[in-house]
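Peer 1: Structure provided below as structure tokens; questions to follow.
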Amino acid sequence: MGLNGVSRRTVLGAAVVLGLTGCGRAEWYPSDVTPEEFTLRALIREKNRTVARYETALAEGAGPEDLLRPILERHLAHLDSLVEALPEDSSPASAAPEEGEPAALPTEVLDLAELTALESAAASARVDRALAVADAGLAQLISGIGACEAGHAYLLGRHGEDRG
């Protein structure tokens, strides 16, 4: 028995019940933005960096345009979809870099192997991102983007093997 005749098990059980009932409500979230908006902002920042990488690769001739251009266009479509998914009272400009992230977009040229690694890493990160949101539609959007990125990695890797 604990204090005043209440068992420790009862106190822990009550704490769990209180925690479960309070965690799902937005007013308990300790931030100005919801987890969904936080995830969207992070994905928008990632997509902006990826778009910059492909634009640089195309400008520098780091790979075949007929391969890189369609991938860039799909990334731009992903970016549009992510921006559209932001809440109405949020602006895409609010997807500014977090503290510790580089403010400028990357400018170094990546070769096909590096772009393949970039796409593979992005695709594998999407599962965690999709699990971080409660909205099923948003989770589906994130998962679809991840599937597309996995396809990009496959195409880039296959092209690299054909050349090697």
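Peer 1: On the accessible surface of the range 121-164, probed at 1.4 Å, how many percent belong to carbon and sulfur atoms?
Peer 2: Working: 1400 of 2470 Å².
Exposed carbon and sulfur together represent 57 percent of the surface.
Peer 1: Still on this model: Can you find, among Ala121, Ala104, Gly144, the residue farthest towards the positive end of the dipole of the range 102-144? Put +1 on the C-beta of Lys and Arg, -1 on that of Asp and Glu.
Peer 2: The Cα lying farthest towards the positive end belongs to Gly144.
Peer 1: Taking θ = phi - 60°, what integer Hz values does the Karplus form 6.51 cos²θ - 1.76 cosθ + 1.60 yield along the range 149-157, in sequence order, with x for Gly and Pro?
Peer 2: Values, residue by residue: 5, 5, x, 4, 4, 4, 4, 5, x Hz.
Peer 1: Right, next: Compute the FRET efficiency between Ala113 and Phe38 as 1/(1 + (r/R0)^6), taking r as their Cβ-Cβ distance and R0 = 30 Å, and round to the nearest 0.05. Write out the running numbers ahead of the final one.
Peer 2: Details: r = 32 Å, r/R0 = 1.07.
Efficiency for this residue pair is about 0.40.
Peer 1: Work out from phi, with θ = phi - 60° and the Karplus expression 6.51 cos²θ - 1.76 cosθ + 1.60, the ³J(HN,Hα) of each residue of the range 55-63, listed in order in whole Hz, and give x for Gly and Pro.
Peer 2: Per-residue couplings from phi come out as 4, 5, 4, 5, 5, 9, x, 7, x Hz.
Peer 1: From the alpha carbon gyration tensor of the range 108-164, can you work out the equivalent ellipsoid semi-axes (sqrt of 5 times each eigenvalue) and give them in Å, largest to smallest?
Peer 2: Numbers: eigenvalues 144, 22, 9 Å².
Square roots of five times the eigenvalues give 27, 11, 7 Å.
Peer 1: Using 1/(1 + (r/R0)^6) with R0 = 25 angstrom and r between the beta carbons of Ala134 and Asp66, what's the FRET efficiency to the nearest 0.05?
Peer 2: After rounding to 0.05, the efficiency reads 0.05.
The values are calculated or read from the model by the stated rules, or taken from the named source; none is laboratory data. Model, not experiment: these values are computed from the prediction. Backbone-built Cβ (ideal geometry, glycine too); neighbour counts: all protein chains shown. Remember, those area values only see protein heavy atoms, side chains included, never the ligands or the DNA or RNA. Shrake-Rupley method; radii C 1.70, N 1.55, O 1.52, S 1.80 Å.
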